[in-house]
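Nothing in this text is a laboratory measurement; each read-out follows from the coordinates by a stated rule. All values derive from a computational prediction rather than experimental measurement. Note: ideal-geometry Cβ built from the backbone for every residue, glycine included; neighbour counts use all protein chains shown.
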Amino acid sequence: MHGLGGFKEQPHIETFAESFFELDYTVIRFDTTNTFGESEGNYENATVTNYLEDLEDVIEWAKSQPFYQEPFCLCGHSLGGISTTLYSEKHPEQVKALAPISTVVSGKLHHEEIPPNKLDKYEETGWKIAESKSKPGVIKKLNWHNFSPDLQKYDILTEAHKLTMPVLLIVGNLDIGTPFKHQEILYNHLSGLKEIHVIQGAAHTFRENEHLKEIKVIMLKWISSF
């Protein structure tokens, strides 16, 4: 599951999927609504709730397909990470293993990493505006007064004790949005089999081939362990 403003063909999403596929898993990638993929909606309306509901819809659809099996694995990046984790906390019996990569941990922690001057601007204007790095030339304009209050409702630490399945955490050491210190807090809340890996030289979104190769090695070894 991709992150905010992401899409299913991003190299890191394809790398996650290939890792499972090469070990004989049936894999589903999908574009959420309110992003820049094939699904409908507008990016400005994106929220964690919207991403989580889309994940729930895809799982419900999968249940009607001949390939469906339980328990299944979930893997997501950033906003996809918090969505897959929230689902796993709600339905732990359905989830065999969980890989929330560079995940958002909570609304509170997320906001703490935003420089005060930027946060003030978002609050004042009502918009968070940035150019997409995955789709150069595309301007990402997020309705902050919609996204922010929704995000503040979520904190995966609250019910992290329910995550007794194997959990894999990966983060870049240059990630400033969902930094290692956030992942470490989550790691310390987990009671089951758990791993945490730091990709040197990588930011929030993994784009370099060397980073993607390193992630694939980590994931193949992890998936083979359960």
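For 102, 225, the sequence from fewest to most other C-beta atoms within 10 Å is 225, 102.
Compute the distance from the alpha-carbon center of region 51-80 to that of region 152-226, in whole Å. Each part's Cα centre sits 19 Å from the other's. Projected over every direction and averaged, the convex hull enclosing the alpha-carbon atoms of the chain yields 11.6 nm². Within the chain, the longest run free of exposed loop sites, counting GluC sites (Glu not before Pro) that sit outside DSSP helix and strand states (H, G, I, E, B) and have at most 11 other Cβ atoms within 10 Å, spans 41-226.
Normalised by the number of residues in region 106-182, the average gap of Cα pairs under 8 Å and 6 or more apart makes the relative contact order 33 percent. Each principal axis of the Cα atoms in region 52-165 has its own extent, and those three values, largest first, are 48, 33, 20 angstrom. Identify the residues of region 180-207 with backbone N under 20 Å of a label point that sits 7 angstrom from the Cα of residue 113 along the Cα-to-Cβ direction, or state none. Zone members listed by number: 180-190, 195-207.
Checking the Cα-Cα distances for 108/194; 96/141; 8/63 against a 29 Å cut-off, the pairs over it are 96/141.
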